[in-house]
Amino acid sequence: MKRTVQKACACLLAGCLLAGLAAGCTQAEEEDGGKLPVDEPRVIEPIAPADNGTAVLANEFIASYAEEYKMRASEAFADPTDTVKRDLYAPAELTLGWDCAQTAQSYTVTLSASQDMAEAAVFETEEETLCVDDLFVATEYFWQVTAHTASGDVTSDVFRFTTAATPRTVFIEGVSNTRDIGGYATEGGRRVKQGMVYRGAKLEDITAGGREKLLTGCGIATDLDLRGSDGSEVLGSSVQYVHVSSPSYLTPNDASGSGIDVAANRAAIAQIMRVFAQEENYPVYMHCAIGRDRTGTIAMLLLTLLGVAQNDIYMEYELSLFSAAGCSDNTTALKLFSTYFDPTYCYIRDYAGGTPAENCAAFLQDCGVTAEEIASIRALLLV
């Protein structure tokens with residue numbers, strides 16, 4: 001690219017103080033034939049995601065649901081003619097793509113959440129594409145490609161992309177209603193840490209592949225079973241099995257003794273919350289039978305305690321209706337919210353005279369959870 005009149009004008013406008021610099025520029029131009037150095041074209045260029053671009057990990061269905069969520073938004077997605085109950089929120093597949101100007105026999109791809117590429121995942125491929133999964137949402141990622149050519153290795157610049165702030169659903173073969181409750185923004189400008197608390201339905205039908213995903217991919221250390229009766233230690237002896245019969249929602253008008261408002265149930269709530277106060281228990285997979293009611297109640301308490309906004313808490317809860325387990329009893333969103341979830345959240349939100357997070361903490365302390373345990377939960381689950 002040639003030096004232009006803009007260069008000379010800038011020197012003139014700068015006055016005498018820059019006269020020497022202007023002269024130096026002119027001399028350099030003459031020595032270089034009047035041209036500035038031109039950057040060499042990169043041998044490896046990113047194709048997808050675009051460098052500094054955004055990647056959406058949720059499928060289009062869930063991304064649309066979450067984009068402008070309002071209570072009972074799932075009703076707008078219901079198809080009354082579809083009688084097949086199935087999980088509809090499998091995450092989208094993310095493919096990294098690049099173009100290499102030289103012929104390469106194979107490529108090494110490194111991917112990290114740190115700009116210095118610390119703790120990077122390393123992949124080998126013979127194609128100019130690579131499918132990756134299980135990334136965190138609302139996270140900046142850095143990636144780099146090394147092409148192995150006949151004349152030697154060529155390494156790209158470090159590229160980057162940011163994942164969109166959508167719900168982080170996960171696919172566990174043989175288990176329904178599975179997702180990470182992390183990734184949500186909180187009132188203090190922080191986020192709920194991901195990869196720490198997973199929720200879902202019962203594990204008895206898990207496949208060998210699903211079990212491997214939970215153990216190796218998610219690194220589950222604790223199976224927290226919230227059902228009324230003991231289940232089985234499906235994940236094996238390497239995983240701590242904790243069974244606590246959890247209350248759910250407020251006690252509705254047509255039932256007795258089942259809600260979190262009943263004093264006799266508060267010891268169970270304290271026992272459950274103590275699981276989340278101990279670092280060695282993480283990551284945790286918590287579940288009941290269908291992963292909606294008992295599990296949804298405990299997830300609500302955790303997210304409220306951490307300062308997640310009401311709309312996000314409702315959206316996270318309602319995701320269960322996009323799963324085979326979560327809609328297995330045909331309970332409508334209208335009934336779930338009007339009879340159960342909305343009154344329960346409002347009870348916690350208004351429990352004392354502070355913010356929802358403060359009021360949730362007050363409720364938990366009345367259940368027997370100590371201030372130190374509450375501080376520990378927040379320290380472990382906020383980032």
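Please specify each residue of segment 137-159 satisfying the condition of being in a strand (DSSP E or B) and either touching a Lys or Arg at 6+ places or on another chain (Cβ under 6 Å) or more than 20 Å from ALA101 (Cα to Cα) (or both).
Of everything in segment 137-159, those that are in a strand (DSSP E or B) and either touching a Lys or Arg at 6+ places or on another chain (Cβ under 6 Å) or more than 20 Å from ALA101 (Cα to Cα) (or both) turn out to be GLU140, TYR141, PHE142.
Does any residue of segment 342-365 turn out to be touching a residue at least 24 places away in the same chain (Cβ under 8 Å), aliphatic (A, V, I, L, M) and in a loop (DSSP other than H, G, I, E, B)?
Among the residues of segment 342-365, not one is touching a residue at least 24 places away in the same chain (Cβ under 8 Å), aliphatic (A, V, I, L, M) and in a loop (DSSP other than H, G, I, E, B), which makes the answer no.
Report every pair of residues separated by at least 6 positions or lying on different chains whose Cβ atoms are under 7 Å apart, first residue within segment 128-142 and among the small types (Gly, Ala, Ser), second buried (at least 16 other Cβ atoms within 10 Å of the Cβ) and assigned to a strand (DSSP E or B).
ALA138/THR163; ALA138/ARG191
Would you point out the residue of segment 166-216, among those that are in a helix (DSSP H, G or I) and without any contact (Cβ under 8 Å) to a residue 60 or more places away in the chain, that is farthest from GLU68 (Cα to Cα)?
Our first condition is that a residue be in a helix (DSSP H, G or I); within segment 166-216, this holds for 208-216.
Then keep just the ones that are without any contact (Cβ under 8 Å) to a residue 60 or more places away in the chain; that gives 208-213, 215-216.
Working: ALA208: 37, GLY209: 34, GLY210: 32, ARG211: 34, GLU212: 35, LYS213: 31, LEU215: 34, THR216: 34 Å.
My answer is ALA208.
Give the residues of segment 223-253 that are of a type in the set (S, T, N, Q) and part of a loop (DSSP other than H, G, I, E, B), sorted by residue number.
SER229, SER232, SER237, SER238, SER245, SER246, SER248, THR251, ASN253
For segment 147-171, how many residues meet the condition of being surrounded by 20 or more Cβ atoms within 10 Å (Cβ to Cβ), over 21 Å from TYR184 (Cβ atoms) and either among the aliphatic types (A, V, I, L, M) or under 18 Å from the mean Cα position of the chain (by Cα) (or both)?
1
Looking for whichever is crowded, with 24+ Cβ neighbours inside 10 Å, within 20 Å of the chain's Cα centre (by Cα) and not aromatic (Phe, Trp, Tyr) here; the options are LEU321, LEU364, LEU303. Which one fits?
LEU303 is the lone residue from the list that is crowded, with 24+ Cβ neighbours inside 10 Å, within 20 Å of the chain's Cα centre (by Cα) and not aromatic (Phe, Trp, Tyr).
Consider GLU212 against the criteria (1) surrounded by fewer than 17 Cβ atoms within 10 Å (Cβ to Cβ); (2) more than 22 Å from the chain's Cα centre (by Cα); (3) among the charged types (D, E, K, R): it satisfies all of them except one. Which criterion is unmet?
It is condition (2) that GLU212 fails.
Every number in this text was worked out from the coordinates using simple rules, so none of it is lab data. Just so you know, these numbers come straight off a predicted model, no measurement behind them. In this analysis, Cβ positions are derived from the backbone assuming ideal geometry, glycine residues included, and neighbour counts consider all displayed protein chains.
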